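What follows is a single structure, written as structure tokens, with notes after it.
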Amino acid sequence: MNIREQFLDFFVSKGHKLVASSALVPDDTTLMFTNAGMVQFKNIFTGDAPIPSTPRVTSSQTCLRAGGKHNDLDNVGYTARHHTLFEMLGNFSFADYFKEDAIAYAWEFITEPKYLGLPLDKLWVTIHHSDDEAYQLWQKHISKDRIVRFGDADNFWQMGDTGPCGPCSEIFYDQGAEDFNSPEDKMGGEGDRFLEIWNLVFMQYDRDASGNLNPLPKPSIDTGMGLERVVAIKEGKNNNYHSSLFMPFLEKIGELVGTPYDYKASNSASYRVIADHLRSCSFLLAQGVNFDKEGRGYVLRRIMRRAIRHGYLLGLRKPFMYQLVDTLVEVMGGQYDYLSSKAESIKTSMKLEEERFFDTIDAGIKLFTQELEKKSEIFDGVVAFKLYDTYGFPLDLTQDMLREKNIALDIESFESKMQAQKAQSKAAWKGTGDALAVGDFRVLKESFGVNEFVGYEQSSTQSKVLALLNESFEQVQSVTTKGWVLLDKTPFYAESGGQVGDTGLLNANIKVLDTKKFLDMNLSEFEGSLEVDIRVEAKVSSSRLQIQKHHSATHLLHSALREVLGEHIAQAGSLNDDKRLRFDFSHPQAMSSQEIEAVEAWVNNKITTNIACQTKVMSIADAKNSGATALFGEKYGDEVRVVSMGSDCVELCAGTHVSNISQIGLFMITKESGVSAGVRRVEAICGDSAIEEVRSIRDSLTQIKTELKNQNPIVGITKLKEQIKTLKGELQTALSSSKKELVATEINNIAMIVDEVENGDIKELIDDAKNRYPKVAIMLFQKKGDKVMIACGSKESPIKAGDWIKAIAPILGGGGGGRPDFAQAGGKDASKITEAIEKSKAYLLAVLEE
């Protein structure tokens, strides 16, 4: 029984449009990850986006809760129902049907034998204590003694402190008193007997800044059902991990460990942690998130290292997570086909991360154990920081380990160390607001809608000024200095997809500084005076052509990387402006010089083919069927632009491009570097920038020929190196012949040498003395400008070189140290060399005559 498919088919039969799961990284600066099915529809609920033509949709959304406000990480593996990654089945109504239909649909799907067919005597319902309407509606389906009222904490949902909100109704499944009989196994308790399986949110209010609830004129529905819980119930399992969604992972882990999974075993939680974390790590990697020191990449690292540590507890001492990926593809690849195509890339990234952590985990566990042996009730936060900073143990991993021992952590001292190292180790990602949070964009969109972009066909047009915003993004009637303009139609491309926003002119005298997209509207930042309702000539800067060259070259570069390095290459970021391009991509290691040359040659060869750059508008389904490369997580509409530069370079792209790839001109890779673990970066230039670079290289080469006095620089440099080598030899001979003869004085059969030398390597002179005398104590001083170099050595004598130099160096205003047999220091006051020599001799006599 495929519950996911059955759920979606059921709601499609009820007139809902099937919508694909959106990316785990949301297009929302306030969220770290997509944590609920409604996230991709948030702008519709808030009114920032129009209600779609089909006002009811259904989806199966992958969600992740492992950071920020919604974080289930601590509970994963230790409870029957918590997961970092889970699938939320949902149906949504945007001002279409409301409570009556939402309740009826839910009850039909849950109870009808051809769907879930759950027994009626196992079902309970909760409602908000004030929701009499829901109470009456539910009585059409279930006995009123099975309808329980709760307060805001349990049955009221809100998106934020203000905005859409409303009561909710939850459907519970009674798993029975036979296995669940603690005091908390009751409706409203913390036990697992009564398992919430579906939450119906009735979005009927708008909460204002004063806290007042104002009825929405068009209320909506947002529901969410946990797939993992329902599958477990249908399969008769009291634990999600024992269902068919997880058992293949547990069995494979048992094979790697050498001991089959046993729920009753003391280490069974480690199996479950690994199974869960395999899913979340794989999905994040497949969707372009990479291991990093901060942000989402650091959350990924935390999850991964938590899994590795549990593997370590099971006795695994080498990478193992990557060996589970094929099992994941077997279980989930049918629904999420990108797991199959990204499998090898996922394995490579996982294995590298595992190797990194296995290099330090032994030493980290040893340090952790040593601290525990102190028998303190509070674990030292400084040690926790060392585990984090030196051994790669995320804080929550250390806390996890301490929780198992019932020991608290001195979090204040840990945070203190973190703050002290803030410049090197930034705090974990926090969502940042932007202009949308404070600007009047919603008002503009309600008044004017989305303006027309005509920049694909033309670089200038006559336009009307629909609206103006000042620098604080407040709507105004006129601007005299700097602000933002909304034109009815605009040729200016708004920054997106890696391509920078257009610049240009309005009426030949008003500078357009940038163009960005706000709620799908193209707004241009300008400098000058403008008024609402006037007409202007909008003209894009000539730099657009150079931007287009770099953008088209980026497409070719992407194809070249896949051709040379392999199909695992996936875009992780890009930048295209008029001077250069930057392309980030998933790859486990640095490119060799041969690979860089091959990629550069591939692009340049393609450019010489003189192929037209073709753009077609088609449905997203047709685009994907045509083989066009799409970026995971990128938002595409029902219709998309497909840009092709030959059959081996076809991508979905809304940017602007050259009309023929020959216009790109020379393509040059200027740098290849690492961005983070598993992500590389190529920087390149083309067009005018490449011409300028070639000119610069030619000028430099001419200068080099002039300086070398040779038309063949390689020959000239070779001769110069030979001359330098000869001169070095002659210099060394001269220095050796002018070496000062060091005179030793014997005390107690120990040669004592303290002297100043003008030239030569004083370390080498000390080594010579050690070879000449069986027992020696030597200190030499050498003047270097206003400063002094000091070095001393000791062989078979009671003198300790490090102590000796520490006693003498301060006389010269310096300091230093070293080993008992050799030490060196520097001094700032060369005028006191004579005094230092006398004090050094006195030090020797005092020690040697004892």
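The values are calculated or read from the model by the stated rules, or taken from the named source; none is laboratory data. Everything numeric in this text was worked out from a predicted model, so none of it was measured. We place every Cβ from the backbone using ideal geometry, glycine too, and count neighbours over all the protein chains shown. Heavy atoms of the whole protein, side chains included, go into the accessibility calculation; ligands, DNA and RNA do not. Shrake-Rupley method; radii C 1.70, N 1.55, O 1.52, S 1.80 Å.
So what does log10 I(q)/I(0) come out to for segment 689-762 at q = 0.11, 0.13, 0.17, 0.23 Å⁻¹, using the Debye formula with one equal point on every Cα and no solvent? With no solvent term, the Cα-only Debye profile gives -0.58, -0.65, -0.81, -1.00. Considering only Cα atoms, the convex hull volume of segment 96-182 works out to 135 Å³ per residue.
Listed values for segment 308-320 are Karplus-derived 3J(HN,Hα) couplings in whole Hz (6.51 cos²θ - 1.76 cosθ + 1.60, θ = phi - 60°), namely 4, 5, 6, x, 4, 5, 8, x, 7, 10, 8, x, 9, and x replaces Gly and Pro. Along the axis of the charge dipole computed for the chain (Cβ charges of +1 for Lys and Arg, -1 for Asp and Glu, origin at the Cα centre), the listed residues Ala209, Leu708, Asn43 are led at the positive end by Leu708. Each 10 Å bin, from zero up to the one with the longest distance, holds this percent of the alpha carbon pairs of segment 441-541: 17, 57, 25, 1. Accessible area per residue for the chain is 47 Å², calculated with a 1.4 Å probe on protein heavy atoms, without ligands, DNA or RNA. Peptide packing for 746-754, 841-849, 648-656 was compared via the average number of neighbouring C-beta atoms within 10 Å per residue; ordered from the highest value, the list is 648-656, 746-754, 841-849. Using only Cα coordinates, the Kirkwood hydrodynamic radius of segment 800-843 works out to 10.2 Å. Each part reduced to its alpha carbon centroid, segment 586-633 and segment 164-217 end up 49 Å apart.
From the gyration tensor of the Cα coordinates in segment 323-362, what semi-axes in whole Å does the equivalent ellipsoid have, largest first, with each one equal to sqrt(5λ)?
Numbers: eigenvalues 126, 18, 6 Å².
With the √(5λ) rule applied to segment 323-362, the semi-axes are 25, 10, 6 Å.
Of the listed pairs Lys579/Lys705; Lys17/Lys342; Lys464/Lys511; Lys351/Lys417; Lys375/Lys405, which have alpha-carbon separations greater than 20 Å here?
Working: Lys579/Lys705 29 Å; Lys17/Lys342 28 Å; Lys464/Lys511 16 Å; Lys351/Lys417 31 Å; Lys375/Lys405 11 Å.
Pairs exceeding the cut-off: Lys579/Lys705; Lys17/Lys342; Lys351/Lys417.
Expressed in Å, the radius of gyration and Dmax of the Cα atoms of the chain are 35.5, 112.
With contacts defined as alpha carbon pairs under 8 Å and 6 or more residues apart, what's the relative contact order of segment 1-114 in percent?
Numbers: 151 pairs, mean separation 31.0, N = 114.
The normalised contact order for segment 1-114 reaches 27 percent.
Each principal axis of the Cα cloud of segment 617-747 was taken in turn, and the coordinate range along them, longest first, works out to 93, 51, 19 Å. What FRET efficiency comes out for the pair Ser266/Asp389, r = Cβ-Cβ distance, R0 = 30 Å, nearest 0.05? It comes out at approximately 0.40. Let me spell out the model: positive unit charges on the Cβ of Lys and Arg, negative unit charges on the Cβ of Asp and Glu, origin at the Cα centre of the chain. What dipole size does that give, in debye rounded to 20? Dipole of the chain, to the nearest 20 debye: 2140 debye. Computed on segment 546-689, with alpha-carbon pairs under 8 angstrom and 6+ residues apart, the relative contact order is 33 percent. Tell me what the chain gives for mean residue ellipticity at 222 nm when only DSSP H runs of n ≥ 4 count, each as -39,500 (n - 2.57), the sum divided by the residue total, rounded to 500 deg cm²/dmol. Taken over the chain, the calculation gives -11500 deg cm²/dmol.
In whole angstrom, note down how far apart the Cα centers of segment 444-514 and segment 222-270 are. So the two Cα centres are separated by 54 Å.
Divided by 2.2 N^0.38 Å, where N counts the residues, the Cα radius of gyration of segment 1-41 comes to 1.42.
So which chymotrypsin sites (Phe, Trp or Tyr not before Pro) in segment 195-279 are both in a DSSP loop and have at most 16 other Cβ atoms within 10 Å of their Cβ? Mind dumping the intermediate values first?
Values: sites: Trp198, Phe202, Tyr205, Tyr241, Phe246, Phe249, Tyr261, Tyr263, Tyr271; in loops: Phe246, Tyr261, Tyr263.
Passing both the DSSP loop test and the Cβ count: Tyr263.
Taking only Cα atoms, what is the 0 to 90° angle, nearest 10, from helix 543-565's long axis to the longest principal axis of the chain? So the helix axis and the longest Cα principal axis differ by about 80 degrees.
Find the centroid of the Cα atoms in segment 754-783 and in segment 9-30, then give the distance between the two in whole Å. Cα centroid of segment 754-783 versus Cα centroid of segment 9-30: 79 Å apart.
What is the percent carbon and sulfur in the accessible area of segment 258-386, measuring with a 1.4 Å probe over the protein chains and ignoring ligands? Result for segment 258-386: 47 percent of the exposed heavy-atom area is carbon or sulfur. P(r) for segment 52-140, from all Cα pairs and a bin width of 5 Å, is 3, 10, 14, 16, 18, 19, 15, 5, 0 %, short bins first.
Computed FRET efficiency, Cβ-Cβ of Leu545 and Lys144, R0 60 Å: what is it to the nearest 0.05? Before the final figure, lay out the partial values.
Numbers: r = 72 Å, r/R0 = 1.20.
Plugging the Cβ-Cβ distance into 1/(1 + (r/R0)^6) gives 0.25.
From zero outward in steps of 10 Å, how is the percent of C-alpha pairs of segment 1-96 spread across the bins? With 10 Å bins starting at 0, P(r) equals 16, 41, 32, 11, 0. Angle of helix 99-111 to the longest C-alpha principal axis of the chain, folded into 0 to 90 degrees and rounded to 10: 80°. Using only Cα coordinates, the Kirkwood hydrodynamic radius of segment 216-272 works out to 13.4 Å.
Starting from the Cα coordinates of segment 608-681, work out the convex hull volume and express it per residue in Å³. List each step's numbers first, then the result.
Details: hull volume 9.3 nm³, N = 74.
Per residue, the Cα convex hull of segment 608-681 comes to 125 Å³.
Contact order for the chain, expressed relative to its length and based on alpha carbon pairs under 8 Å spaced 6+ residues apart, stands at 6 percent.
Over segment 747-795, what percent of the accessible surface lies on carbon and sulfur atoms, probe 1.4 Å?
Working: 940 of 2280 Å².
For segment 747-795, the apolar C and S fraction of the accessible surface comes to 42 percent.
At a 1.4 Å probe radius, carbon and sulfur cover how many percent of the accessible area of segment 510-656? Answer for segment 510-656 is 44 percent, counting heavy atoms of protein chains only. Note on segment 264-318: Cα-Cα pairs beyond 18 Å make up 35% of the total pair count.
Panel values: segment 128-178, Kirkwood radius from alpha carbon pairs, Stokes-Einstein at 20 °C and 1.002 mPa s, translational diffusion coefficient 172 µm²/s.
The Cα-based radius of gyration of segment 281-377, divided by its Kirkwood radius, gives an Rg/Rh of 1.07. Computed over segment 178-297, the quotient of the alpha carbon radius of gyration and 2.2 N^0.38 Å is 1.49. Comparing Ser345, Ile361, Gly288 along the charge dipole axis of segment 257-374, the residue lying farthest to the positive side is Ile361, per the Cβ-charge model.
Which order do the peptides 556-568, 703-715, 332-344 take when ranked by the mean count of other beta-carbon atoms within 10 Å per residue, highest first?
Working: 556-568: 19.7, 703-715: 11.8, 332-344: 16.5.
Top to bottom by mean Cβ count within 10 Å: 556-568, 332-344, 703-715.
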